[in-house]
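Reviewing the structure listed below.
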Amino acid sequence: MSINKLLPLAEAAQRYAGDGIQYASGAGLPVGADAIAFGRELVRQGRRNLHALFHCNTQQLNLLAAAGTVDKAEVGFSGLEGFGFANGLRRVVEEGKLALEDYSNLAMALRFLGGALNWPFVPATTCIGSDIQQRSAFAPEEYPATGKIPEIADPFSGRTLGAYSPLKPDLAVIHVTLADPEGNAIMIGSEWSRFELSRAAKRLVLVADHIVDTDCMRQYPNLVRIPGLIVDAVVWWPFSAWPAASPGVHDVDEAHTKLMNEWLATEEGTFRYIDRYIFSYQTVDAYLNLIGQDVISKLEDSPTRFLLDPYRQWILDRAKVEQLQAENHILKRAA
Amino acid sequence: MSTATATRTDSAPEAAERKGPLRYSRQEMMAIAAGREIKDGELAIFGVGLSLLAGYFAQEHHGPNIRSMTEGGIYGATPIGGLPWGIECNRLSANATSFTGGLDALGFLVASGRVDVGLIGAAQVDKFGNVNTTGIWDRSKGNGLGDTYTPPKTRLTGAGGANDIASGAKRTVIMVTHEAKRFVDKVDYISSPGYLEGGDARARYGFVGGGPSAIVTTLGILRPHPETKEFWLDAYYPFSSVDEVRAQTGWDLKVFRHASMIAPPTVAEVEALRRVDVTGMLRREK
């Protein structure tokens, strides 16, 4: 058996996510797979002053912003795609409670790449000439901003370019479809920037829909875009992306996405949301009950289900996963 | 596997069976006009929302060889079940032939200069085709933002990949509902660059891409003047007029001498669009 890095969700959050850290989420875009359950845990544990690095806003950042967990954020996109504006994030930005620094979607991927490669900067051929370059929420007095995407000269042609600052988050929590106990992982659907982010982060926690036997990874090593050797911990939490989708596993919960966004629009609604959808559960069973078995069945009946078929034979059953969690070497080492 | 490549349920009523003239909404006209901007065989990237419908309409109607992609790195897909909630939505992921990611789609394919055309949306657009999707500032305090960055009165969605598409695609088509509050002399914030201050301003920054070739709206089509790059009215629709377009434009909109009514949608176009827009997003009254 390979090294066992399985940790319970609450334990992983406790261990790796301190107040004030630069926290990155690895998601498949705004309404794609994101470990939103990890964000719920950060709210439950009362984390403060997080500096969020979200390639795109998701319902997780919407929640963390609304709940006051995050006070600085850098994003390429701050909406919820077809679900409209992210009302929680929007509210605290408009109230001046959260400084939101805007980049583009390519810029964020390149900044993670720069961090992963340990580059001093990344040449920017986008965001230049726009207010993304010239306006900085982190340096509001400076216009045009000179420190956000500073102008540089191409040493070969002399042409003026921009420079992106690289990102090395203190912690990245990445949603994956499948992980083995060591942290070898397969993502189904758009990878978005999870490959670059996994290499840029100082600490890396995976949140997986399913834990599989390592034989699965030996069958498809080309598809293992996150190798276990860079992973600190693996969390199993079914429906961790809810209410967002996880391709191959379940669809987006449209009704809850709308309800969540509506409630996060006000402070009072946010308290209600936290009470009803975070403090109301502790265990996986209670969480799944909260979503509701009928809803789960409906969401699992996804047109993408077939994408998981090649891997199903290696999925470990729940008893085995919980046994591995209990035997985890990280916990043993700590004890 | 058969469910995987599920075909669309064709809930659109047969237009041929309808009595009287062909009926279509303003939004449908906009999507069809935008779709006509994409030529068969082009490498095309579609932004979230109505641009997805316009893009996949083009593929369905006249561009079987359009090589379509979204910035999520979802290639070879055809949406099922209606407008995807996002560019990585399961409605697209259900039949893609390749999943990659943002660096590949927006970097290797767009920033490199390979993409022929990008379709993007806008909350605000100005006479040089600059797009604002970031925020609305209080105009009573001057023209939006001053020398100090202040939080917007209304925060919007940010640039997403539209800035990268506007910077890198050979040409960009902007889709936007035509209202005076959206068509402003100068946008509050340039989220995605058009021709900046006009003329050859883009050359100062050495953008890889060429800039917007058209602003396709619910009332007509605007195109840039070859030298000044100011957007002029190029065409209006069967249900709109030069006067109406000008009244709904916040700058003194000039009209090309050749401006005329564009061909109304054909039955085949409306049917193709409704096969893509299964849930009727474009037929909803605002």
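The values are calculated or read from the model by the stated rules, or taken from the named source; none is laboratory data. A quick note: this is a predicted structure, and the numbers were derived from the prediction, not measured. Methodologically, a virtual Cβ is constructed for each residue, glycine included, from the backbone with ideal geometry; neighbour enumeration extends over all protein chains shown.
In a residue-by-residue description of the range A:136-151, the property of being surrounded by fewer than 23 Cβ atoms within 10 Å (Cβ to Cβ), closer than 16 Å to B:T148 by Cα and more than 10 Å from every other protein chain (Cβ to nearest Cβ) applies to at least one position. Counting only residues that are farther than 19 Å from A:E101 by Cβ and modelled with pLDDT of 95 or more, the range B:127-166 holds 7 of them. In this entry, B:G81 passes the filter for residues that are part of a loop (DSSP other than H, G, I, E, B), at positive phi, facing chain A (nearest Cβ under 8 Å) and not polar (S, T, N, Q). Within the range B:85-109, the residues that satisfy the criterion of being more than 7 Å from chain A (Cβ to nearest Cβ) and either within 23 Å of B:A159 (Cα to Cα) or of a type outside the set (S, T, Y) (or both) are B:R91, B:L92, B:N95, B:A96, B:D104, B:A105, B:F108, B:L109.
Looking at the range B:164-173, can you tell me whether even one residue there is free of Cβ contacts under 8 Å to residues at least 60 places away in the same chain, part of a helix (DSSP H, G or I), within 13 Å of chain A (Cβ to nearest Cβ) and small (G, A, S)? Yes, that holds for at least one residue. Of all residues in the range A:206-243, those satisfying the criterion of being part of a strand (DSSP E or B) and within 21 Å of A:E327 (Cα to Cα) are A:L206, A:V207, A:A208, A:D209, A:H210, A:I211, A:V212, A:A233, A:V234, A:V235, A:W236. From the list A:E262, A:E327, A:E300, the lone residue that is surrounded by fewer than 19 Cβ atoms within 10 Å (Cβ to Cβ), in contact with a strand residue (DSSP E or B) (Cβ under 6 Å, 6 or more places away or on another chain) and of a type in the set (D, E, K, R) is A:E300. Within the range A:17-45, residues that are more than 15 Å from A:T257 (Cα to Cα) reach partners that are assigned to a helix (DSSP H, G or I) and β-branched (V, I, T) with beta carbons closer than 8 Å, at six or more positions or on different chains, in the pairs A:V43/A:I274.
State whether one or more residues within the range A:269-287 are at positive phi and at pLDDT 95 or above. Checking the range A:269-287: not a single residue is at positive phi and at pLDDT 95 or above. Would you check which residues across the range B:211-258 are within 19 Å of B:A31 (Cα to Cα) and loosely packed, with under 15 Cβ neighbours inside 10 Å and list them? Residues satisfying the conditions are B:P238, B:F239, B:S241.
Among the residues of the range A:91-129, those that are part of a helix (DSSP H, G or I), free of Cβ contacts under 8 Å to residues at least 40 places away in the same chain and facing chain B (nearest Cβ under 9 Å) comprise A:V93, A:E94, A:L106. Contact map, the range A:297-315: residues that are on the phi < 0 side of the Ramachandran plot and modelled with pLDDT of 95 or more paired with residues that are among the acidic types (D, E) and assigned to a helix (DSSP H, G or I), Cβ distance under 7 Å, separation 6+ or inter-chain. Pairs shown: A:W314/A:D215. Restricting to the range A:130-159, and then to whatever is of a type in the set (A, V, I, L, M) and outside any helix (DSSP H, G or I), can you tell me which residue is nearest to the chain's Cα centre (by Cα)? The qualifying residue nearest to the chain's Cα centre (by Cα) is A:A137.
Of the residues B:I190, B:I262, the single one that is of a type in the set (A, V, I, L, M), over 30 Å from A:A153 (Cβ atoms) and touching a residue at least 40 places away in the same chain (Cβ under 8 Å) is B:I262.
Look at the range A:220-241: where a residue is touching a residue at least 40 places away in the same chain (Cβ under 8 Å) and a partner is among the basic types (K, R), sitting 6+ places away or on another chain with Cβ atoms under 6 Å, you get A:D232/A:R203; A:A233/A:K5; A:V234/A:K5.
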